[in-house]
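S.K.: My questions all concern the structure below.
The values are calculated or read from the model by the stated rules, or taken from the named source; none is laboratory data. The structure displayed is predicted, hence computed values, not measured ones. Cβ placement follows ideal geometry from the backbone for every residue including glycine, while neighbour counts extend to all protein chains displayed.
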Amino acid sequence: MNTIYFGKSISKFGYSLNKQTLKKFFLFDNGYLNALSFQFSDNYGKLLENMVFIELYKRYQDNIDFLKNWSETDFIVHKKEVYQICYDLTDENYDREINWCLDAMKKFKINKSYIITNEQEEIIKIEKNQIKLTKC
């Protein structure tokens, strides 16, 4: 018997179950996201985030969380990889996205993270840390 899944939720990272109560839900098909969206403008950032989740889920299954404190980091994988999703990194959001990566990297004591964008590619080095901008 085959099982069909429509979507999957991930939990806010926390060392205790009490801290994991906040959830984010993702669909396994961006077509569903477009069909179910009630927005009047294109939401490419949400579509990109959902697409990245689908790929991470294929690779890592249930080892994906997100981090939310003063900042929000989109995906934490095995407490070893940090992924921030930003459709277009601009002057207006650059500092925020970089600082959110640095915050997660510091929390998990890692020195490399990724920002997935629509078109930008670059490696940003800050002290011993490296943030790799990768286009989807």
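S.K.: Select, from Ile54, Ile4, the only residue that is at pLDDT 90 or above and either at negative phi or part of a helix (DSSP H, G or I) (or both).
M.R.: Ile54
S.K.: Right, something else. Could you check region 85-118 and list, in sequence order, the residues that are over 16 Å from Glu49 (Cβ atoms) and among the charged types (D, E, K, R)?
M.R.: Asp91, Glu92, Asp95, Asp103, Lys106, Lys107, Lys109, Lys112
S.K.: Regarding region 90-112, can at least one residue be identified that is in contact with an Asp or Glu (Cβ under 8 Å, 6 or more places away or on another chain), in a loop (DSSP other than H, G, I, E, B), touching a residue at least 24 places away in the same chain (Cβ under 8 Å) and aromatic (Phe, Trp, Tyr)?
M.R.: Among the residues of region 90-112, not one is in contact with an Asp or Glu (Cβ under 8 Å, 6 or more places away or on another chain), in a loop (DSSP other than H, G, I, E, B), touching a residue at least 24 places away in the same chain (Cβ under 8 Å) and aromatic (Phe, Trp, Tyr), which makes the answer no.
S.K.: Another question, if that's okay. Test Val82 against the criterion of being among the β-branched types (Val, Ile, Thr), surrounded by 18 or more Cβ atoms within 10 Å (Cβ to Cβ), in contact with a strand residue (DSSP E or B) (Cβ under 6 Å, 6 or more places away or on another chain) and in a helix (DSSP H, G or I), and give yes or no.
M.R.: No.
S.K.: Please state which of the following conditions Phe25 fails to meet, knowing it meets all the rest: (1) surrounded by fewer than 16 Cβ atoms within 10 Å (Cβ to Cβ); (2) touching a Lys or Arg at 6+ places or on another chain (Cβ under 9 Å); (3) modelled with pLDDT under 85.
M.R.: For Phe25, the failing item is (3).
S.K.: Please work out if Lys46 is assigned to a helix (DSSP H, G or I), at pLDDT 65 or above, charged (D, E, K, R) and closer than 27 Å to Tyr114 by Cα.
M.R.: Numbers: assigned to a helix (DSSP H, G or I): yes; at pLDDT 65 or above: yes; charged (D, E, K, R): yes; closer than 27 Å to Tyr114 by Cα: yes.
Yes: the conditions hold for Lys46.
S.K.: While we're here: I'm told Asp62 meets every condition in (1) within 14 Å of Phe13 (Cβ to Cβ); (2) of a type outside the set (Val, Ile, Thr); (3) crowded, with 17+ Cβ neighbours inside 10 Å except one. Can you identify the failing condition by its number?
M.R.: (3)
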